[in-house]
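Below: one structure, written as structure tokens.
The values are calculated or read from the model by the stated rules, or taken from the named source; none is laboratory data. In this text, all values refer to a predicted model and were calculated from it rather than measured experimentally. Note that each Cβ is placed from the backbone with ideal geometry, even for glycine, and that neighbours are counted across all protein chains shown.
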Amino acid sequence: MNDNTADWSSQLRRGVLELCILQVLRREASYGYEIVTTLGTLGPLAAGENTVYPLLRRLKTDGLLETFLRDSPTGPPRQYYRLSPDGRRRLGALQKEWEAMAEAVDQCMNLKKENPS
Amino acid sequence: MTPDNPVVTRYLRNLDAGLSGLNETDRAEAVRDIEHHITDALAAGEPLDRVLTALGSSESLARAYSLELLLKKPAAFTVRHNRTLRLIGLVLVGGLPTLIAGILGLVGVILSATGVILFFAARAALSDTLPAFLTMDADPHLVMIVGPMLSVVGLLALGGLWLYFHLATKVAMRVLPPKTVTRT
């Protein structure tokens, strides 16, 4: 992957990562390390700690996530994140947006294939 | 079980210092997130140097936080839109202040004047100098007391109106940011 591709890919990931974080927290609350390792398994979507933690914080200040402390077996109480009602609405909106976008990109790719000459 | 390690302590202290531009809650919770991350990663068996390498230097992590939290929207755009939106809001809710000011002013002027007129009319009635086209059904003594009381209520309403204008001006000044800011 050359520099331009990497740049494009990282821009793309930045936008989608918000959707993925909200999606990870859809069913249950989670804490930083767990969120980071979950997102780390997602191949091209894998984002580093220095992207995920600041983004978590921004989603919190935007009112989409809430934090609370819960006891941990390995150490001090962990800081957990969960969706706020606003976050849940936002997730729904982003999902719709993503599906429409993916469909449009798909159509766009097929246009190319249909006009090879 | 926060690792009592000088390297970790220094990393967290540097991160905290680098986040001085954020508000207190964001700053404290960000440092707590990273501290817990290190604890959890070590508990999961990751070596410390790899954990810290993955986090990046405390300076670059602090910069990533600042970029995400402080520069997420172009300021000029937000301020200009805020100003327009707030102005519209002010005009919309302006109907209520107009009503309040109108009622206070009307009540104030009418009651004050009525009180004075009643007082002098009652005094005239007592001394039998009331003009022939006027008659007073109520006891003039009572009217002489009620008149000034009405005036007092009227003056209170006018005082309320003054106080209201004072407050409204203050609020309006605060709600509308100075126009020069939009140029930044």
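Annotations
- Test: residue in region A:56-76 that is among the hydroxyl-bearing types (S, T, Y), assigned to a helix (DSSP H, G or I), touching a helix residue (DSSP H, G or I) at 6+ places or on another chain (Cβ under 9 Å) and at pLDDT 85 or above: yes
- Matching residues, region B:93-138, being at pLDDT below 75, out of contact with any helix residue (DSSP H, G or I) (no Cβ under 8 Å at 6 or more places or on another chain) and in a helix (DSSP H, G or I): B:V93, B:G95
- For region B:163-184, the criterion of being free of Cβ contacts under 8 Å to residues at least 60 places away in the same chain, in contact with a helix residue (DSSP H, G or I) (Cβ under 7 Å, 6 or more places away or on another chain) and either of a type outside the set (A, V, I, L, M, F, W, C) or surrounded by 13 or more Cβ atoms within 10 Å (Cβ to Cβ) (or both) is met by no residue.
- Taking the criterion of being more than 10 Å from chain B (Cβ to nearest Cβ) and surrounded by 15 or more Cβ atoms within 10 Å (Cβ to Cβ), the residues of region A:24-34 that qualify are A:V24, A:L25, A:A29, A:S30.
- Qualifying residues in region A:78-87 (those that are in contact (Cβ under 8 Å) with a residue 12 or more places away in the chain and assigned to a helix (DSSP H, G or I)) - the one farthest from B:D33 (Cα to Cα): A:D86
- Any pair with Cβ under 7 angstrom, 6 or more apart, that starts in region B:58-69 at a residue that is within 7 Å of another protein chain (Cβ to nearest Cβ) and closer than 13 Å to A:R58 by Cα and ends at one that is surrounded by fewer than 22 Cβ atoms within 10 Å (Cβ to Cβ) and of a type in the set (D, E, K, R): B:E68/A:R58; B:L69/A:R58; B:L69/B:D26
- Scanning region B:144-153 for residues that are of a type in the set (A, V, I, L, M, F, W, C) and modelled with pLDDT of 85 or more yields B:I145, B:V146, B:M149, B:L150, B:V152, B:V153.
- Set side by side, the residues A:N50, A:N110 differ, and just one is surrounded by 13 or more Cβ atoms within 10 Å (Cβ to Cβ) and not in a strand (DSSP E or B), which is A:N50.
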